[in-house]
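Asker: Right, I'll just put the structure down here and ask away after.
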Amino acid sequence: MTDPLARPPKKNPQKVQTVPVLPPSFRSRAAMGLTAAAAEGRFKLQHCAECGTVQYPPRDACVSCLGLELLWKDTDPVGELIADTIVHTSPNLYFRRQAPWRCGTVRLSAGPSIFCHVHGDCVKGSEVRLLSRLDRAGQGVLIAIPKETTPNMADDPELRELGADPKHRRVLITDGRQPGAPALAKALLDAGAMTVFVGEGETWRPYPERSALEKMDGVNLMPLDLTDTSSVVELAGEIGGKVDILINNARFMRPGGVLARGDTAFARDEMEVNYLGLMRLAQAFGPGMKARGADGINNAAAWVNILSINAIANDPAYGSFNASQAAALSLAQSLRAELRPGGVKVMTVFCGPTDDDWYQDVPPPKLLPGAIARSVVQGLRDGVEDVLCGDVAKDYAERWRQDPRVLERELAGDVG
Amino acid sequence: MSRRQSYDGVVVTAPFSTPYERYSTQTAHYWLARALKGTLDAAGLRKEGIDGLSVASFTLFPDSPVGLSQHLGVTLRWLDSIPMGGASGVVALRRAARAVQAGDAEIVACVAGDTNHIDSFRKLLSSFSRFAMDAAYPYGYGGPNSMFALLTDRYMQEYGATREDFGRIAVAQRENALRNPNALMKRPLSLEDYLEARPISDPIALFDCVMPCAGAEAFLVMSEEEAVKRGLPFARIAGTIERHNAFPDDPIQLRGGWALDVEDLWSMAGMKPADMDLVQTYDDYPVISVMQFEDLGFCSKGEAPAFLRDRDLTVTGDLPHNTSGGQLSAGQAGAAGGFLGMVEALRQVTRTAGPTQVADAKNALVSGFGMINYDRGLCSGAAILTGESA
Ligand SMILES: [Zn+2]
């Protein structure tokens with residue numbers, strides 16, 4: 001049974017900061033299929049298109065028939081733990097620090113034997129389930145977990161290391177004025193977050209979410225204006241050293257594409273908040289988080305951006321806003337690579353139309369704040385890079401995978 | 001059934017081992033040169049006397065054996081590179097013997113060696129294989145220790161072996177090593193020491209693991225006629241086998257490629273396990289020695305612990321095993337670890353083993369095992385060397 005994770009003590013400022021080190025990150029190109037699957041939290045292995053053999057480790061040819069067409073497909077994750085070991089010493093700095101570390105061999109029902117991380121509650125000789133996860137180096141790895149849920153399962157040190165569970169971590173939500181902010185703060189507190197900082201711009205201007213936020217034990221409202229560099233820098237100076245998870249939920253949006261607007265005024269506002277706001281935040285908070293990637297139980301773990309699914313394919317009804325979302329998504333890719341040496345993950349929560357004033361013309365289904373909050377928490381626990389929140393986002397992503405150009409026409413209403 | 005031709009007319013001679021050093025500031029080139037010089041001196045040859053060279057080394061980078069030929073100034077008409085780690089001794093012997101038999105070379109020097117810089121074990125690990133990079137290192141980075149821990153764990157579950165069973169092998173080898181002035185380990189090892197040692201990767205503890213070091217080993221392969229002419233004590237090759245990636249569908253390795261070829265080995269030699277005066281197994285971990293006794297026909301699968309419990313594995317015992325101390329107690333000088341048993345066996349059957357000499361040794365079995373590409377050793381081989389009657 002996993003011991004419940006104790007609340008971490010206050011940090012001692014006299015102590016030398018533990019420098020983040022990463023597990024081995026080099027992989028072959030074939031192995032990147034595992035990483036791509038883990039980024040979405042899916043357990044996929046290579047399947048031979050010709051003979052159907054499921055193989056592992058990833059190869060460039062089928063081990064059964066030498067077929068060259070190898071597809072990464074969702075695979076039955078159940079198997080038996082047939083051997084295990086606890087590594088006490090390693091020449092690698094990361095595992096030296098993490099030791100003792102349990103690993104084992106799982107014989108998968110689908111065929112191959114797989115050497116993987118092993119959750120402490122797995123019993124040798126019993127059935128286990130494999131999960132694909134991103135490790136601290138941002139690479140896909142496999143971990144065996146018990147087939148049935150066990151008490152405090154998420155507190156297992158190996159599983160926790162492969163995610164960004166909000167439990168005992170300190171979170172910053174950047175915009176309290178967003179309609180979803182209270183639900184998000186509550187979901188994080190319910191998930192065990194130690195503190196939830198919530199940024200609010202133009203503090204003199206009242207807003208309905210404030211009273212709900214104020215009532216929550218564990219929420220700290222902080223002045224934060226993403227369009228103002230000095231405001232962002234000031235807040236980072238105050239709380240930057242204790243933000244373990246940063247959730248950027250700020251959003252400025254107006255309807256309309258290019259021709260529907262007579263000028264660039266709203267476009268400028270959209271970029272100011274949605275793109276440059278993200279950059280200001282990243283420049284102020286990013287370096288500190290990157291340095292705190294190995295800071296004990298409540299280390300810096302994840303950066304979350306909540307974006308529209310139309311970041312991947314533009315819907316001209318909100319064409320200008322969607323362009324700012326695409327800009328933010330691209331910037332987040334850069335940020336992901338830049339934070340990786342610190343072991344900090346960058347996650348995007350892709351949302352369909354939200355159930356608020358700005359999408360009033362759009363027919364349902366529309367996202368309620370609770371759904372976004374649940375997606376954020378689950379995504380953090382799983383440590384994924386992409387979360388598709390709601391049916392519309394899932395549908396668009398699937399169409400995008402099939403053919404981005406067809407989706408473009410569909411969004412423009414050209415397809416009957 | 002394969003029809004393997006005999007190695008009649010070819011012999012092995014001039015065994016040479018450098019002393020081993022835990023860490024060395026020298027290069028692989030240095031260690032290989034030193035061993036080559038040693039084996040040539042033993043045969044009274046100058047380097048111009050050889051026309052074939054077989055090289056096994058992990059740390060020769062950026063050179064290959066081709067570069068080494070220029071580095072050492074040898075002109076060759078036959079050159080081989082054996083990238084097979086623990087199986088390199090057997091494989092080098094097989095290939096060199098066929099080359100000599102076919103007349104492609106007259107005298108082949110087989111050398112294996114590596115240096116060991118501070119940090120070179122970590123560097124070697126980090127560039128070992130693609131499967132290891134993709135599917136082994138990211139999981140605890142225990143290197144071969146983890147893989148053999150799993151294998152040991154599985155073997156213990158399956159056959160009821162205990163740590164004491166593995167410990168007895170290590171303890172006997174240490175006793176042998178105390179006779180070998182070149183062995184790195186100089187202190188006696190008790191079963192209690194073994195059992196109480198620091199855990200490395202459960203159930204593997206400190207004395208299950210070899211000590212990486214620098215050093216080199218070498219021998220010569222030539223025609224019997226040539227050896228007789230030079231007055232060199234020699235051994236014949238009664239039989240030998242080699243196998244790669246055997247039993248790929250076994251979920252975890254509990255047997256090696258020997259099991260596929262063991263009948264060939266004994267029938268080729270016209271001998272049986274009981275005819276062996278000594279056995280040199282590849283002992284990167286005791287469980288692998290245990291597997292070799294089973295797969296090479298000394299006992300059935302799963303019975304080696306009981307089989308070995310009743311036997312004395314020391315130089316003066318009834319089943320002398322890894323008489324120079326093996327890698328566990330002499331040290332593992334990289335690829336030279338794959339030559340250690342071969343060179344020692346050659347000394348034994350030519351009665352030149354000095355302090356580790358087994359009385360009246362005539363027949364020796366040498367076994368090799370190597371290359372943990374991912375979750376198991378892929379290369380296996382074995383050879384039976386026979387000396388002249390005393
Ligand atoms: Zn196939």
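Asker: For residue B:333, what charge total do you get from the other residues with a beta carbon under 9 Å from its beta carbon, if Lys and Arg give +1 and Asp and Glu give -1?
Answerer: -3
Asker: Can you tell me what the convex hull of the Cα atoms of the stretch B:1-94 projects to on average, as an area in nm²?
Answerer: So the mean shadow area of the Cα hull is 7.8 nm².
Asker: I would also like to ask the following. I'd like the distance between the alpha-carbon centres of the stretch A:1-49 and the stretch A:152-206, rounded to an integer number of Å.
Answerer: Answer, in whole Å: 20.
Asker: Follow-up question, since we're still on this one. Sticking with the crude label model, points 7 Å out along Cα→Cβ, report the distance from residue A:338 to residue B:102 in nm, one decimal please.
Answerer: 6.1 nm
Asker: Enumerate the amide H contacts of residue B:56 below 5 Å, restricted to partners 5 or more residues apart or on another chain; note that Pro and chain-start residues carry no placed amide H.
Answerer: B:82, B:111, B:112, B:113
Asker: Can you list the lysines whose alpha carbon sits under 16 Å from that of residue A:11, skipping same-chain ones fewer than 8 residues off?
Answerer: A:242
Asker: Evaluate the Debye formula for the protein assembly as shown with equal point scatterers sitting on the alpha carbons, no solvent, and hand back log10 of I(q)/I(0) at q = 0.08 Å⁻¹, in q order, two decimals.
Answerer: Evaluating at q = 0.08 Å⁻¹ gives log10 I(q)/I(0) of -0.76.
Asker: With each pseudo-label sitting 7 Å past Cα toward Cβ, what's the residue B:182-residue A:109 distance in nm, one decimal?
Answerer: So the label points at residue B:182 and residue A:109 sit 5.5 nm apart.
Asker: Can you give me the C-alpha center-to-center distance between the stretch A:56-109 and the stretch B:271-348, rounded to a whole angstrom?
Answerer: So the two Cα centres are separated by 31 Å.
Asker: If the limit is 30 Å between Cα atoms, which of A:15/A:215; A:73/A:345; B:37/B:362; A:73/A:167 go over it?
Answerer: A:15/A:215; A:73/A:167
Asker: Continuing with this model, one more query. Express the C-alpha Rg of the stretch A:266-345 as a ratio against the empirical globular expectation 2.2 N^0.38 Å, rounded to two decimals.
Answerer: Here the Cα radius of gyration is 1.22 times the empirical estimate.
Asker: Net charge near residue B:100, counting Lys/Arg +1 and Asp/Glu -1 over other residues with Cβ under 13 Å of its Cβ?
Answerer: -3
Asker: Starting from the Cα of residue B:250, step 7 Å toward the Cβ, then list every residue of the stretch B:150-169 with an amide N under 17 Å from that point.
Answerer: Residues passing the 17 Å test: B:150-161.
Asker: Loop only by DSSP, 13 or fewer other Cβ within 10 Å of the Cβ. Give me the chymotrypsin sites (Phe, Trp or Tyr not before Pro) in the stretch A:321-383 that pass, ordered by residue number.
Answerer: Loop-located and lightly packed - none at all.
Asker: Starting from 0.36 nm per residue, how many nanometres of slack lie between residue A:233 and residue A:153 once their C-alpha separation is accounted for?
Answerer: Length difference between fully extended and current span is 25.0 nm.
Asker: Right, next: Under the classification rounded if a/c is under 1.5, otherwise prolate if a/b is larger than b/c and oblate if not, where does the stretch A:210-309 fall, given a ≥ b ≥ c as square roots of the Cα gyration tensor eigenvalues?
Answerer: Because a/c hits 1.5 or more and a/b exceeds b/c, the stretch A:210-309 counts as prolate.
Asker: Another question, then. Given that compact globular proteins tend to follow 2.2 N^0.38 Å, what is the ratio of the alpha-carbon Rg of the stretch A:32-161 to that value?
Answerer: Rg over 2.2 N^0.38 Å, computed on Cα atoms: 1.07.
Asker: Let's test the formula: R0 of 22 Å, r as the Cβ-Cβ distance of residue B:46 and residue B:225. What FRET efficiency results, to the nearest 0.05?
Answerer: In this case the efficiency is close to 0.65.
Asker: Can you check what the net charge comes to around residue A:189, using other residues whose Cβ is under 13 Å from the Cβ of residue A:189 (Lys, Arg +1; Asp, Glu -1)?
Answerer: Summing Lys/Arg as +1 and Asp/Glu as -1 gives +3.
Asker: Work out the charge dipole of the stretch A:170-411 with +1 on the Cβ of Lys and Arg and -1 on the Cβ of Asp and Glu about the Cα centre, then indicate which of A:322, A:180, A:287 is farthest towards its positive end.
Answerer: The residue sitting farthest along the positive end of the dipole is A:287.
Asker: Could you give the nm distance between label points at residue B:360 and residue B:37, where each point is 7 Å from its Cα heading toward the beta carbon?
Answerer: Simple spin-label model gives 4.1 nm for this pair.
Asker: Please report, in Å, the Rg and the Dmax of the stretch B:271-370, where both are computed over Cα atoms only.
Answerer: 12.5, 35
Asker: Among B:336, B:40, B:313, whose Cα sits farthest toward the positive end of the charge dipole of chain B (+1 at Cβ of Lys/Arg, -1 at Cβ of Asp/Glu, about the Cα centre)?
Answerer: Checked the options; the winner is B:40.
Asker: Using every alpha carbon pair in the stretch A:170-411, what percent of pairs falls into each 10 Å bin from 0 up to the bin containing the largest distance?
Answerer: 8, 33, 39, 17, 3, 0
Asker: Give the longest segment of chain A that steers clear of trypsin sites (Lys or Arg not before Pro) in DSSP loops with at most 14 neighbouring Cβ atoms within 10 Å, not counting the sites themselves.
Answerer: So the longest stretch without any such site is A:30-416.
Asker: Could you work out the Rg to Rh ratio of the stretch B:217-311, with Rh taken as the Kirkwood radius (inverse of the mean 1/r over all Cα pairs)?
Answerer: 1.04
Asker: Also: Please report, as a whole percent, how much of the solvent-accessible surface of the protein assembly as shown comes from carbon and sulfur atoms (probe radius 1.4 Å).
Answerer: For the protein assembly as shown, the apolar C and S fraction of the accessible surface comes to 52 percent.
Asker: For chain B, compute the orientation-averaged projected area of the C-alpha convex hull (one quarter of its surface), in nm².
Answerer: About 17.4 nm², averaged over all directions.
Asker: Quick one: divide the alpha-carbon radius of gyration of the stretch A:361-416 by 2.2 N^0.38 Å and tell me what you get.
Answerer: 1.34
Asker: Between the stretch B:135-181 and the stretch B:241-256, how far is it from one alpha carbon centroid to the other, in angstrom?
Answerer: If you average the Cα positions of each part, the centres end up 18 Å apart.
Asker: If you build the Cα gyration tensor of the stretch A:132-248 and take the root of 5 times each eigenvalue, what three semi-axes come out, in whole angstrom, biggest first?
Answerer: Working from the Cα gyration tensor, I get semi-axes of 32, 17, 11 Å.
Asker: For a Förster distance of 60 Å, can you work out the FRET efficiency between the beta-carbons of residue B:307 and residue A:15, rounded to the nearest 0.05?
Answerer: 0.60
Asker: Viscosity 0.692 mPa s, temperature 37 °C: give me the Stokes-Einstein translational D for chain A in µm²/s, with Rh taken as the Kirkwood radius over C-alpha pairs.
Answerer: 145 µm²/s
Asker: Between residue B:316 and residue B:77, what FRET efficiency follows from the Cβ-Cβ distance if R0 is 51 Å, with the result rounded to 0.05?
Answerer: The value I calculate is 0.70.
The values are calculated or read from the model by the stated rules, or taken from the named source; none is laboratory data. Because the structure is a prediction, the values reported are computed rather than measured. Cβ: placed from backbone, ideal geometry, glycine included. Neighbour counts: every protein chain shown. Side chains included, ligands, DNA and RNA excluded: accessible areas come from the protein's heavy atoms. Shrake-Rupley method; radii C 1.70, N 1.55, O 1.52, S 1.80 Å.
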